[in-house]
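Asks: The following block contains the structure, expressed as structure tokens.
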Amino acid sequence: MQRWRGLEEIPGDWGRSVVTIGSFDGVHRGHQLIINRAVERARELGTKAVVVTFDPHPSEVVRPGSHPPLLAPQPRRAELIEELGVDAVLVLPFTLEFSQESPETFVETVLVDALHARAVIEGPNFRFGHRAAGNVELLGKLGREADFEVEVVDLQVRGAAGDGEPFSSTLTRRLVAAGDLAGAAEVLGRPHRVEGVVVRGAQRGRELGFPTANVETVPHSAVPADGVYAGWLTANGERMPAAISVGTNPTFDGTARTVEAYAIDRVGLDLYGMHVAVDFLAYLRGMEKFDSIDALLVRMADDVQQARVLTGVTGPAAG
């Protein structure tokens with residue numbers, strides 16, 4: 001898959017494309033449906049499928065300080081999109097000047113002149129251009145004038161009967177913030193992930209026999225509600241079952257909110273300075289303040305055992 005940042009990186013001989021446009025934060029199942037249709041239509045037409053997205057998030061430029069929690073940083077987003085069979089991802093730097101372009105200018109410069117769109121695939125609530133003035137109806141009109149077709153893919157919704165809330169990044173962020181990782185996974189089609197660099201913390205976990213990777217998450221990450229979770233820690237391409245703590249360590253009167261992952265049964269791991277990923281499988285319990293270290297250790301051992309079972313670890317039991 002080709003990755004371009006800015007229109008100037010598009011090859012001069014790039015042919016006609018099937019395009020879909022959006023922030024695609026999280027690349028959830030609703031996004032996947034649209035992107036899969038773009039890939040399918042491109043194959044039908046004998047053209048290439050291109051996903052157009054933006055960096056930074058448009059809201060941060062239009063309303064500084066309003067950046068929503070990110071479900072996936074840009075590199076992870078590109079990886080997830082690539083898995084869907086897309087031929088290229090175009091990341092458009094979202095600036096104040098860019099935000100003020102009219103829908104007509106966006107269509108002319110991006111879809112017609114740069115990507116030579118043959119078809120554009122979008123959801124029914126797609127908006128574009130200055131003050132989000134453009135919608136799928138206007139896009140269809142502009143497409144007829146510029147010789148590209150527009151196809152609208154219905155929203156995917158939660159629930160077996162298809163009568164629940166539509167899948168969206170906003171819904172996923174709300175579920176993550178509430179600690180409902182099962183609900184978030186239903187929308188995403190996979191466990192929710194946060195990424196970051198492992199930094200040195202208070203090292204209490206090591207002293208207690210449960211050494212953890214203290215993950216300094218990517219800015220604006222959608223971090224789950226405070227609590228203890230089962231999941232996985234991925235480092236150097238290795239995915240390790242883990243018990244994960246999110247919160248301020250109230251037993252030790254902590255104030256800084258941290259994400260710490262204990263790789264179950266792994267001894268001597270040195271991950272400092274390494275970029276890692278933490279995938280959240282299931283919520284185990286809320287964050288608690290214990291009266292003694294012994295009480296904390298008993299509960300931690302139980303947390304690890306629950307995480308062991310949920311992640312399918314075989315081998316000796318914790319404790």
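Asks: By the gyration tensor of its Cα atoms, with a ≥ b ≥ c the square roots of the eigenvalues, what is the shape of region 192-310: rounded for a/c under 1.5, prolate for a/b over b/c, or oblate?
Replies: Rounded, because the longest to shortest axis ratio a/c is under 1.5.
Asks: Another question about this same structure. To the nearest 20 debye, what charge dipole does the chain have about its Cα centre, counting +1 at the Cβ of each Lys and Arg and -1 at the Cβ of each Asp and Glu?
Replies: 440 debye
Asks: Taking 0.36 nm per intervening residue step and subtracting the Cα-Cα distance, what contour gain separates VAL199 from LYS141 on full extension?
Replies: 15.6 nm
Asks: Connecting C-alpha atoms closer than 10 Å in a GNM of the chain, tell me which of VAL309, VAL112, VAL136 has the biggest fluctuation.
Replies: Maximum fluctuation in the GNM of the chain, among the listed residues, is at VAL309.
Asks: Treat the count of other C-beta atoms within 10 Å as a stand-in for reagent exposure and order LYS48, LYS289 from fewest to most.
Replies: LYS289, LYS48
Asks: On to the next question. Using a Förster distance of 41 angstrom, determine the FRET efficiency expected from the C-beta separation of ASP226 and VAL62, and round it to 0.05.
Replies: 0.85
Asks: Would you mind calculating the gained length between ARG43 and GLN100 on full extension (0.36 nm times residue separation, minus the Cα-Cα distance), in nm to one decimal?
Replies: Additional length available on full extension: 17.1 nm.
Asks: What FRET efficiency do you get for ALA133 and GLU238 if R0 is 41 Å and r is their Cβ-Cβ distance, rounded to the nearest 0.05?
Replies: Once the sixth-power term is evaluated, E becomes 0.30.
Asks: What net charge is computed for the residues neighbouring VAL18, neighbours being all others with C-beta under 10 Å from the C-beta of VAL18, Lys and Arg scored +1, Asp and Glu -1?
Replies: That works out to +1.
Asks: In sequence order, what are the phi-derived ³J(HN,Hα) couplings for region 295-301 according to the Karplus relation 6.51 cos²θ - 1.76 cosθ + 1.60 with θ = phi - 60°, rounded to whole Hz, with x for glycine and proline?
Replies: My calculation for region 295-301 gives 5, 5, 5, 4, 5, 5, 4 Hz in order.
Asks: If you place +1 on the Cβ of every Lys and Arg, -1 on the Cβ of every Asp and Glu, and leave all else neutral, what size is the dipole of region 192-310 about its Cα centre, to the nearest 20 Debye?
Replies: Charge dipole of region 192-310: 140 debye, to the nearest 20.
Asks: Now a separate question. Which residue, PRO93, ALA132, PRO73, has the largest displacement toward the positive end of the dipole of region 2-152 when charges sit on each Cβ (Lys, Arg +1; Asp, Glu -1)?
Replies: PRO73
Asks: I've got another one for you. Once both labels are modelled 7 Å past Cα along the beta-carbon direction, what's the ALA177-ARG3 spacing in nm?
Replies: It works out to 2.9 nm between the two label points.
Asks: Determine the relative contact order of the chain: mean sequence separation of Cα pairs under 8 Å and six or more apart, normalised by residue count, in whole percent.
Replies: Here the relative contact order equals 15 percent.
Asks: Could you state the number of Å between the C-alpha centres of region 254-298 and region 78-134?
Replies: So the two Cα centres are separated by 40 Å.
Asks: For region 2-152, what is the relative contact order in percent, using Cα pairs closer than 8 Å and at least 6 residues apart in sequence?
Replies: Reported relative contact order: 30 percent.
Asks: For the chain, give the share of DSSP beta bridges that are antiparallel, in percent and rounded to the nearest 5; count only bridges with both residues there.
Replies: Expressed as a percentage, antiparallel bridges in the chain total about 60.
Asks: Take the Cβ-Cβ distance between THR109 and ALA282 as r, set R0 to 51 Å, and report the resulting FRET efficiency rounded to the nearest 0.05.
Replies: The calculated FRET efficiency here is 0.65.
Asks: Find the percent of Cα-Cα distances in the chain that exceed 39 Å, and round it to a whole number.
Replies: Counting pairs separated by more than 39 Å, the tail of P(r) holds 23 percent.
Asks: Just how large is the dipole of region 73-219 about the Cα centre, in debye to the nearest 20, putting +1 at every Lys and Arg Cβ and -1 at every Asp and Glu Cβ?
Replies: Once rounded to the nearest 20, the dipole reads 900 debye.
Asks: Do the sum for the chain: with -39,500 (n - 2.57) for every DSSP H run of n ≥ 4, divided by all residues, what is the mean residue ellipticity at 222 nm, to the nearest 500 deg cm²/dmol?
Replies: So the calculated ellipticity at 222 nm is -8000 deg cm²/dmol.
Asks: How much length is gained if the chain between GLU83 and VAL267 is pulled fully straight, taking 0.36 nm per residue apart and subtracting their Cα-Cα distance, in nm to one decimal?
Replies: 62.9 nm is the gain from fully extending GLU83 to VAL267.
Asks: Report the local net charge at ALA242: Lys and Arg +1, Asp and Glu -1, summed over other residues whose C-beta lies under 11 Å from its C-beta.
Replies: Here the count lands on -1.
Asks: Right, next: Would you mind ranking TYR272, TYR229 by Cβ crowding within 10 Å, fewest neighbours first?
Replies: The fewest-first ordering by Cβ neighbours comes to TYR272, TYR229.
Asks: So for region 2-152, Kirkwood radius off the Cα pairs, Stokes-Einstein at 4 °C and 1.567 mPa s: how many µm² s⁻¹?
Replies: 84 µm²/s
Asks: Of THR170, THR248, how do they rank once you tally other Cβ atoms within 10 Å and put the fewest first?
Replies: So the residues, fewest neighbours to most, are THR170, THR248.
Every number in this text was worked out from the coordinates using simple rules, so none of it is lab data. Owing to the predicted nature of the structure, the values given are computational and were not obtained by experimental measurement. Here Cβ is always computed from backbone atoms with ideal geometry, including for glycine, and neighbour counts include all displayed protein chains.
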